[in-house]
Amino acid sequence: MSEKKPLYESPGEKGKRGFEDLECYQLALQVMAKIHAFSKTLPPDEKFDLYAQIRRSAKGITGNLGEGYGRYHYLDSLRFYSIARGELNETLARLIDAKVLDYINPTEFELLYKLIRQTEQALNGFMSYVRRQRTGSQEYGDKSVHEDQASYDILQGAEVDDRQD
């Protein structure tokens, strides 16, 4: 059995390219492309609803994988990978919506469902690997980086009306 050619192959040196070498990214790219192809078959009255939502969530998977890969600290990376996993599951939820509304045939639904679950499994495996590596923890520790909480003055009733703009 021959190996399927990836949808995108980076011009860089193999093994030294970046996120585009990740199996979970390659699978997410397939999900995005297949969802886009499917979305073109949706009825016109879904153009500003299901059509837009499913395409955005599918693109969010690959975008968050790329952004997470560019972060230095592993906890920051994991946050984006977790968002990518959420986008993947949102895509599946929208696909289920399409199935319930009879916008997709059962065979196409099953193929996309299996691809999404395969992508999720690969992403979970990659996230486990990132957790074990703990990149950046030597320099910055294992605490997440965040801004201090802002404090706000809350004005009541008449005080709001008396403010000068």
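Could you identify the single residue in Arg163, Arg134, Arg79 that is among the basic types (Lys, Arg), modelled with pLDDT under 95, more than 17 Å from Leu29 (Cβ to Cβ) and surrounded by 10 or more Cβ atoms within 10 Å (Cβ to Cβ)?
Selected residue: Arg134, the only one of Arg163, Arg134, Arg79 that is among the basic types (Lys, Arg), modelled with pLDDT under 95, more than 17 Å from Leu29 (Cβ to Cβ) and surrounded by 10 or more Cβ atoms within 10 Å (Cβ to Cβ).
Enumerate the pairs (first residue in region 102-125 and touching a residue at least 12 places away in the same chain (Cβ under 8 Å); second residue anywhere and in a helix (DSSP H, G or I) and polar (S, T, N, Q)) with beta-carbon separation below 7 Å, excluding pairs fewer than 6 apart on the same chain, so at least 6 apart or on different chains.
Leu115/Gln30; Ile116/Thr91
Give the residues of region 42-75 that are free of Cβ contacts under 8 Å to residues at least 40 places away in the same chain, crowded, with 18+ Cβ neighbours inside 10 Å and over 16 Å from the mean Cα position of the chain (by Cα), sorted by residue number.
Listed by number, the list holds a single entry, Tyr51.
What's the number of the condition Tyr103 fails, among (1) assigned to a helix (DSSP H, G or I); (2) of a type outside the set (D, E, K, R); (3) under 20 Å from Leu42 (Cα atoms)?
(1)
For the subset of region 85-100 comprising residues that are touching a helix residue (DSSP H, G or I) at 6+ places or on another chain (Cβ under 8 Å) and without any contact (Cβ under 8 Å) to a residue 60 or more places away in the chain, which member is surrounded by the most Cβ atoms within 10 Å (Cβ to Cβ)?
So, considering only residues that are touching a helix residue (DSSP H, G or I) at 6+ places or on another chain (Cβ under 8 Å) and without any contact (Cβ under 8 Å) to a residue 60 or more places away in the chain, the one surrounded by the most Cβ atoms within 10 Å (Cβ to Cβ) is Glu87.
So in region 10-47, with the set limited to residues that are charged (D, E, K, R) and part of a loop (DSSP other than H, G, I, E, B), which one is farthest from Tyr129 (Cα to Cα)?
So, considering only residues that are charged (D, E, K, R) and part of a loop (DSSP other than H, G, I, E, B), the one farthest from Tyr129 (Cα to Cα) is Lys47.
Which residues, counting only those in region 8-40, are surrounded by 12 or more Cβ atoms within 10 Å (Cβ to Cβ) and hydrophobic (A, V, I, L, M, F, W, C)?
Matches in region 8-40: Phe19, Leu22, Cys24, Leu27, Ala28, Leu29, Val31, Met32, Ala33, Ile35, Phe38.
The values are calculated or read from the model by the stated rules, or taken from the named source; none is laboratory data. These numbers were taken from a predicted model, which means no experiment stands behind them. With ideal geometry, Cβ positions are generated from the backbone for all residues, glycine too; neighbour counts draw on all protein chains shown.
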